[in-house]
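Okay, so here's the structure we're looking at.
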Amino acid sequence: MNTTAKIGIAAVLLTVGTAMLVWASLDPSGTTTLLAVAGVATTLLAAGSLLMGSTGTDGRMV
């Protein structure tokens, strides 16, 4: 996967994760929904961050 694709995918993951956290914070009444959305959003943020940190064809982290 080339660097441009990694940056694009990571940007989408980070944007979606952030949007999900903001959406979940607007209505904190549904505890289970809030926890599920927060868990998925945090996973997306972590995946985006890891993808942004990987470089080269061997996937080393910087």
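No value in this document is a laboratory result; all are computed from the given coordinates. In this text the structure is predicted, and so the values were computed from the model without any measurement. With ideal geometry, Cβ positions are generated from the backbone for all residues, glycine too; neighbour counts draw on all protein chains shown.
To the nearest 0.05, what FRET efficiency results for Leu35 and Ala5 with a Förster distance of 22 Å applied to their C-beta separation? Result of the calculation: an efficiency of 0.10. Sorted on the mean count of surrounding Cβ atoms within 10 Å across their residues, most packed first, peptides 29-36, 45-52 read 45-52, 29-36.
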